[in-house]
Amino acid sequence: MFIGWVIKITTNLTNLREKIDEVDKNIIELILKRMDLVHKVGLNKLRTNARVYVPEREAFIFKKLATFSNLSANEVQSFYTEIISFCRKLEDTLSVAIIQDSISLLGLKKIFGEYVKPIIFQNLNTFFTDTQNISYILSPLSEEIILALQNCDWFIINTTEVNHNRLYLLSKYPNEINSPGDITYILTKSKINTSSYQIKENLFFSSIDSLDLEKLDDEEIKILGFVPSL
């Protein structure tokens, strides 16, 4: 009786594993098809000098895939980022400047996945002294970063959080599609909401829902960029 029960469990386990193996085979085949399509997209981008990394497109993918399941867009993002990262390397391996610490490195992998090239800097002051080969910077908020956003052609295009530390991804290429629910980062001369962070006298860094921007008609603002929501 006991032996028969063990044999039945083992048989069921073997059958389930065979089904998993078949699903894994199908997944690999589909990923290879996706890679082929991404390669064609990359050739098109090369001709048109389009962005390789498009945060608003990735957010759209995560949200769309979530509708096909009981998973949230954030849960989809947690594993699908690596698939996108693996496919993106067919277009280019992005170089991103970060500070030399574990939080920045973890944040880098969280946004871009495994296939990204970190360029390590010792401190924030050296970020903007040699930006010839840098298109992206991942950094915590600081006065140096704010001044770069205020005075140079850099934009906030994404954010992530590691161990309760918020990191901001800066790029020379702003996101092109601003959808309802996206977060817009702005500089103002006064505090406008609970997120407002004072940089110095008469200068506040704030985040606001893109739909609420129209309510700030009387406020002098500088838009630093917007981040697609999930």
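Here are the numbers for this structure:
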quantity: Total residues in the range 163-190, condition among the hydroxyl-bearing types (Ser, Thr, Tyr), over 19 Å from ASP212 (Cβ atoms) and out of contact with any strand residue (DSSP E or B) (no Cβ under 8 Å at 6 or more places or on another chain); calculated: 0
quantity: Qualifying position, being within 18 Å of the chain's Cα centre (by Cα), surrounded by fewer than 18 Cβ atoms within 10 Å (Cβ to Cβ), under 17 Å from SER171 (Cβ atoms) and of a type in the set (Gly, Ala, Ser), among SER78, SER95; calculated: SER95
quantity: Options ILE103, ILE28, ILE20; residue that is under 19 Å from THR160 (Cβ atoms) and out of contact with any Gly (no Cβ under 6 Å at 6 or more places or on another chain); calculated: ILE103
quantity: Test: VAL38 is surrounded by 14 or more Cβ atoms within 10 Å (Cβ to Cβ), not assigned by TED's automatic domain parsing to the domain that holds ILE134 and not in a loop (DSSP other than H, G, I, E, B); calculated: yes
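The values are calculated or read from the model by the stated rules, or taken from the named source; none is laboratory data. None of the values given here were measured: they were computed from a predicted structure. Please note: Cβ atoms are built from the backbone with ideal geometry, for glycine as well, and neighbour counts cover all protein chains shown.
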